[in-house]
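I have placed the structure first, in the form of structure tokens, so that the comments after it can refer back to it.
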Amino acid sequence: MPDVDRPLAPRGARAADRMRDFLDAEGIRPELVLCSSALRARETLARILPGLGPELTVRIEPSVYAFDTDQLLDRLRAVAAEVRSVMLVGHNPAMQALASALATDGDRLDDLRKGFPTAALAEVDIPAGSWAELAPGSGRLERFIVPRELGSG
């Protein structure tokens, strides 16, 4: 089957469920969620969505079905200036590379660079300014959470 139509594996579904509970408990509430149009990304989003709260905008976009960091960076640069926080639901190796490129430091940056499993969360703090100015090295990795660290939930 084409990669874009590949469903989320059972292990990925369990990981997404653990991450949903974490997102809810931590009160992580992005204003905007940009999700890949691939089936497994949409299934991941469906599982974590209840943990993100009711006040958000979700966009399913083919441009996020990307394996290229520059394509994702370009998409983030197109986010409206008034949007304060964005969550990407995408694919590796681009997600890992994007977070690694944006973050200049952070306690778990080495862990992130070693691997970015399904349903992992990398929170990168970007100083206030325009999304259009987003550049490599402009942020700090605030947290990196992998589902296996969250227990069996």
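The values are calculated or read from the model by the stated rules, or taken from the named source; none is laboratory data. In this text the structure is predicted, and so the values were computed from the model without any measurement. No Cβ is skipped: glycine too gets one built from the backbone with ideal geometry, and neighbour counts run over all protein chains shown. Heads up: the accessible areas ignore ligands, DNA and RNA and are worked out on the full protein's heavy atoms, side chains in. Shrake-Rupley method; radii C 1.70, N 1.55, O 1.52, S 1.80 Å.
Annotation note: chymotrypsin sites (Phe, Trp or Tyr not before Pro) in the range 44-153 located in DSSP loop regions with a Cβ neighbour count of at most 14 within 10 Å are 67.
Placing unit charges on C-beta atoms (Lys and Arg positive, Asp and Glu negative, everything else neutral), compute the dipole magnitude of the chain about its Cα centre in debye, rounded to 20.
Details: 19 positive and 23 negative charges, 97 e Å.
The dipole of the chain has a size of about 460 debye.
3J(HN,Hα) along the range 5-14: 9, 6, x, 5, 6, x, 4, x, 5, 5 Hz, from the Karplus curve 6.51 cos²θ - 1.76 cosθ + 1.60 with θ = phi - 60°, whole Hz, x for Gly and Pro. Note on the chain: Rg/Rh from C-alpha atoms, Kirkwood Rh, equals 0.93.
What does the charge count around residue 141 come to, taking other residues whose C-beta lies under 12 Å from its C-beta (Lys +1, Arg +1, Asp -1, Glu -1)? Write out the running numbers ahead of the final one.
Numbers: positive: 108, 113, 140, 143; negative: 105, 107, 110, 111, 123, 125, 142.
Taking every other residue near residue 141 into account, the sum is -3.
Take the Kirkwood radius over Cα pairs of the range 83-147, plug it into Stokes-Einstein at 20 °C and 1.002 mPa s, and you get 179 µm²/s for translational diffusion.
The trypsin sites (Lys or Arg not before Pro) of the range 60-153 meeting both criteria, a DSSP state outside H, G, I, E and B (loop) and at most 14 other C-beta atoms within 10 angstrom of the site's C-beta, are 84. Remark on residue 87: its backbone amide H falls under 5 Å from those of 32, 33, 34, a criterion applied only to residues 5 or more positions apart or on other chains, H modelled at 1.01 Å from N. In order along the range 95-107, phi translates into HN-Hα couplings of 5, 4, 5, 5, 4, 5, 6, 6, 8, 8, 7, x, 4 Hz, rounded to whole numbers, per the Karplus curve 6.51 cos²θ - 1.76 cosθ + 1.60 with θ = phi - 60° and x for Gly and Pro. Note that the range 110-117 has calculated 3J(HN,Hα) couplings of 5, 4, 4, 5, 7, x, 9, x Hz, one per residue in order, obtained from phi through the Karplus relation 6.51 cos²θ - 1.76 cosθ + 1.60 (θ = phi - 60°); glycine and proline are x.
For the chain, carbon and sulfur atoms together expose 50% of the accessible surface, with a 1.4 angstrom probe and every protein chain in place. Annotation: per residue accessible area for the chain equals 52 Å², rounded to a whole number [probe 1.4 Å, protein chains only]. For GluC sites (Glu not before Pro), the sites in the range 80-153 that DSSP calls loop and that have at most 12 other Cβ atoms within 10 Å are 82.
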